[in-house]
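Please read the structure below before turning to the comments.
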Amino acid sequence: MTQEQLTINEETGRLDKVVADAFDAYTRTQIGGFINDGALKVNDVVKKANYKVKPGDVITFDVPEPVELKAEAEDIPLDIVYEDDDLLVVNKPQGMVVHPALGHANGTLVNALMYHTQLSSINGVIRPGIVHRIDKDTSGLLMVAKNDHAHEALTEQLKEKKNLRQYYALVHGEFKENQGTINAPLGRSKTDRKKQGVVAGGRDAVTHFKVVKRYVGYTLLRVTLETGRTHQIRVHMDYINHPVAGDPLYGPAKTLPGNGQYLHAETLGLTQPTTGEEMTFEAPLPTYFTDMLATLDPYHEDDK
């Protein structure tokens, strides 16, 4: 058990936000959990998250020792697009977390993969076999390594930008351009710890896009990743004022209904680690995506 302490000097604002801003090691969600559990106190008194701190307040909270996570095999159905002795290509459904983490100890893609086959050990007991990730509410193709040789080879391909990774993205607004490139560095947002953002000094991030179809108020894009940063497509689309439809983090408050962003990893290209064969896989748009497209009105020039 670790005890943290913070004395308020000049800061003002909500208790949960002030404490989260003061401690890089904890997210605002974690701080909220400490408050709800009664583990965080102000002047030895339990307060609500919206309590307004004032100079002189002494905040203390106990942090329990972290629980070591370990993925366990679970009999969960998988949509396996391809499999050989070195790797699998899996079509992940929307809503499935890729690997265990706090709040998602089971029911993940890794839990399902462990039941199906042996995986590489390079990423340890939490992320065995995972070479790259897509967000929980993004659907589509992922390559998974079954042994360490394959894992190292596939990781090197990503590092050298040799993989083809194309997505379908339904975004807000009608694009004037037919195609284009967004080249803007990404890093943690300066204003919201949960978000990534375009920041000076961030990591290089390049996204190419091409219009597939225009709808009234929306555009369907095929997006090609040159780099693979966290939330890259979602952040870049928001950056050019065309956020991904349904995105609960980067999109507007009023957006299309559903269970998350309309973003699907449709095409994945890779080099087979042992044979050197160039391979390309595709996963058609899932039902949740096509059903939404069917509700939209096509855009015509005379709609202006």
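The values are calculated or read from the model by the stated rules, or taken from the named source; none is laboratory data. Since this is a predicted model, take the numbers as computed values, not measurements. Cβ atoms come from the backbone with ideal geometry, glycine included; neighbour counts cover every protein chain shown. To get the accessible areas, we keep the full protein, side chains included, count just its heavy atoms, and leave off ligands, DNA and RNA. Shrake-Rupley method; radii C 1.70, N 1.55, O 1.52, S 1.80 Å.
Considering only the stretch 177-214, state which residues are assigned to a loop (DSSP other than H, G, I, E, B) and open to solvent by 50 Å² or more (accessible area, probe 1.4 Å). Steps first, please.
Initial filter on the stretch 177-214 (assigned to a loop (DSSP other than H, G, I, E, B)): 177-178, 184-185, 189-195, 199-202, 204-205.
Once the filter is applied, which keeps residues that are assigned to a loop (DSSP other than H, G, I, E, B) and open to solvent by 50 Å² or more (accessible area, probe 1.4 Å), the stretch 177-214 yields Glu177, Asn178, Lys190, Thr191, Asp192, Arg193, Lys194, Lys195, Ala200, Gly201, Asp204.
Filtered by the rule that a residue be within 22 Å of Thr191 (Cβ to Cβ) and surrounded by fewer than 16 Cβ atoms within 10 Å (Cβ to Cβ), the stretch 34-56 gives Asn50, Lys52.
Name the residue, out of Gly258, Gly251, Gly228, that is of a type outside the set (Lys, Arg), closer than 17 Å to Phe175 by Cβ, touching a residue at least 12 places away in the same chain (Cβ under 8 Å) and in a loop (DSSP other than H, G, I, E, B).
Details: Gly258 fails: closer than 17 Å to Phe175 by Cβ; Gly228 fails: closer than 17 Å to Phe175 by Cβ.
The unique qualifying residue is Gly251.
Looking at Asp85 and the list (1) touching a residue at least 12 places away in the same chain (Cβ under 8 Å); (2) among the acidic types (Asp, Glu); (3) not in a loop (DSSP other than H, G, I, E, B), which single condition is not satisfied? In the conditions (1) touching a residue at least 12 places away in the same chain (Cβ under 8 Å); (2) among the acidic types (Asp, Glu); (3) not in a loop (DSSP other than H, G, I, E, B), Asp85 misses (3) alone. Of all residues in the stretch 186-204, those that are closer than 17 Å to Asp247 by Cβ and in contact (Cβ under 8 Å) with a residue 12 or more places away in the chain have Cβ atoms under 8 Å from Cβ atoms of residues that are open to solvent by 90 Å² or more (accessible area, probe 1.4 Å) and assigned to a strand (DSSP E or B), 6 or more apart or on another chain, in Leu186/Arg203; Lys195/Arg188; Gln196/Arg188; Gly197/Arg188. Exactly one residue out of His242, His264 is under 21 Å from the mean Cα position of the chain (by Cα) and open to solvent by 20 Å² or more (accessible area, probe 1.4 Å), and it is His242. Suppose we keep only residues that are under 19 Å from Asp85 (Cα atoms), open to solvent by 30 Å² or more (accessible area, probe 1.4 Å) and of a type in the set (A, V, I, L, M, F, W, C) within the stretch 105-130. Which one would you say is modelled with the lowest pLDDT? Restricting to residues being under 19 Å from Asp85 (Cα atoms), open to solvent by 30 Å² or more (accessible area, probe 1.4 Å) and of a type in the set (A, V, I, L, M, F, W, C), the top hit is Ile122.
Can you confirm whether His172 is surrounded by 16 or more Cβ atoms within 10 Å (Cβ to Cβ), without any contact (Cβ under 8 Å) to a residue 40 or more places away in the chain and either out of contact with any helix residue (DSSP H, G or I) (no Cβ under 9 Å at 6 or more places or on another chain) or under 30 Å from His300 (Cα atoms) (or both)? Criteria not met by His172.
Residues that are open to solvent by less than 80 Å² (accessible area, probe 1.4 Å) and modelled with pLDDT under 95: does the stretch 269-291 have at least one?
Of the residues in the stretch 269-291, the ones open to solvent by less than 80 Å² (accessible area, probe 1.4 Å) are 269-273, 276, 279, 281, 283, 285-286, 288-290.
Filter once more, keeping what is modelled with pLDDT under 95: none.
Within the stretch 269-291, not a single residue is open to solvent by less than 80 Å² (accessible area, probe 1.4 Å) and modelled with pLDDT under 95.
Every condition in (1) more than 30 Å from Tyr115 (Cα to Cα); (2) surrounded by fewer than 12 Cβ atoms within 10 Å (Cβ to Cβ) is met by Pro77 except one, and the failing one is (1).
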